[in-house]
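Bear in mind that the values in this text are calculations on the coordinates, not laboratory data. Only a predicted model underlies this, so the values are computations on that prediction, with no experimental measurement involved. FYI the Cβ positions are ideal-geometry reconstructions off the backbone, even for glycines, and counts take in every protein chain you see.
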Amino acid sequence: MAGKIKISPSLLAADFAHLADSIAAVEEAGADELHFDVMDGSFVPNITVGIPVLAAIRPLTKLPIDVHMMVIEPARYAQQFADAGGDIFTIHAEACTDLEASLGDARVAGMQPAVSLKPDTPASALQTVLPLIERVLVMTVEPGFGGQSFMPEMMPKIVQLADMARRAGTTLEIAVDGGIKVDTAGAVIDAGATTLISGTGVFNYPDGMRIGIEAIRNAGSG
Ligand code: DX5
Ligand code: ZN
């Protein structure tokens, strides 16, 4: 295993009435970054938060914020999310008519671009843009809602992406998102995941978030 596994708690599972407290608590508990889920009610059947909420929380934390855009043609909003304080702009391959240009827009806006793949989208969808990114996000549930069950059939995709990066001679951060908890984290880490996004798995961990984050981080066999 190369380097420390990063834990990115999804704020979707935080207490939205006390977001500042939740962010302080999860940062204190050892989170490496924050995951901010944006849903447009069209790409996914749900609506969450957007630019004003990101701008409001930005001053509250030093952690990098990964903006997971479950939005059709997300590049339309790249500059606004960058101005609001997004660090990583994770866009769906399925949501962009021109993925390469959309990644470029995120980069020009000042964010690190990343590509997310829905469960039905194969790893090969990434082949042409691999030189343009340092990070991929593998959805391990259908995007749209927190608290769903992990899809173990996504494991080969994680292995394939790790192989693709190795063959291309590049380092690729492989993030996984959906149903990641202490009992599912070990397998994804062993498969090659390097960043674990977890909402309910962190925020609802029975023994508290600090112990939960460490348990998820150390779940791999390596
Ligand atoms: C789902 C979101 C996830 C979600 C994960 O569409 O992209 O980030 O918050 O929640 P858990 O970890 O509870 O499955
Ligand atoms: Zn997400």
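Per-structure values
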read-out	value
Counted charge near residue 150, where neighbours are those whose Cβ lies closer than 11 Å (Asp, Glu -1; Lys, Arg +1)	-2
Ranked list, fewest to most other Cβ atoms within 10 Å of each Cβ, for 170, 140	170, 140
Percent RCO, i.e. relative contact order, over the chain, from Cα pairs under 8 Å lying at least 6 residues apart	21
Inter-label distance, nm, simple model (7 Å from Cα along the C-beta direction), residue 20/residue 190	4.4
For the chain, built as a Gaussian network whose Cα springs stay under 10 Å, the top-fluctuating residue of 84, 114, 193	84
Exposure proxy ranking, count of Cβ atoms within 10 Å, fewest first, for 92, 35	92, 35
GluC sites (Glu not before Pro) restricted to the stretch 153-222 and DSSP loop, no more than 14 other C-beta within 10 Å	none
The stretch 6-217: radius of gyration over Cα atoms, expressed as a fraction of 2.2 N^0.38 Å	0.94
Principal semi-axes in Å for the stretch 128-179 [√(5λ), Cα gyration tensor, largest first]	23, 12, 7
Summed residue charge, Cβ within 14 Å of residue 58's Cβ, Lys/Arg positive, Asp/Glu negative	-4
Alpha-carbon centroids, the stretch 25-70 and the stretch 181-195: separation in whole Å	22
Top of 106, 168, 29 by mean-square fluctuation, Gaussian network on the chain, Cα under 10 Å	168
Cβ-based exposure ranking for 221, 102, 8, in which fewest neighbours within 10 Å come first	221, 102, 8
Once exposed loop trypsin sites (Lys or Arg not before Pro) are cut out (DSSP; at most 16 other Cβ, 10 Å), longest piece of the chain	63-222
Residues listed by number, the stretch 206-222, amide nitrogen under 13 Å from residue 4 label point at 7 Å toward C-beta	214, 217-218
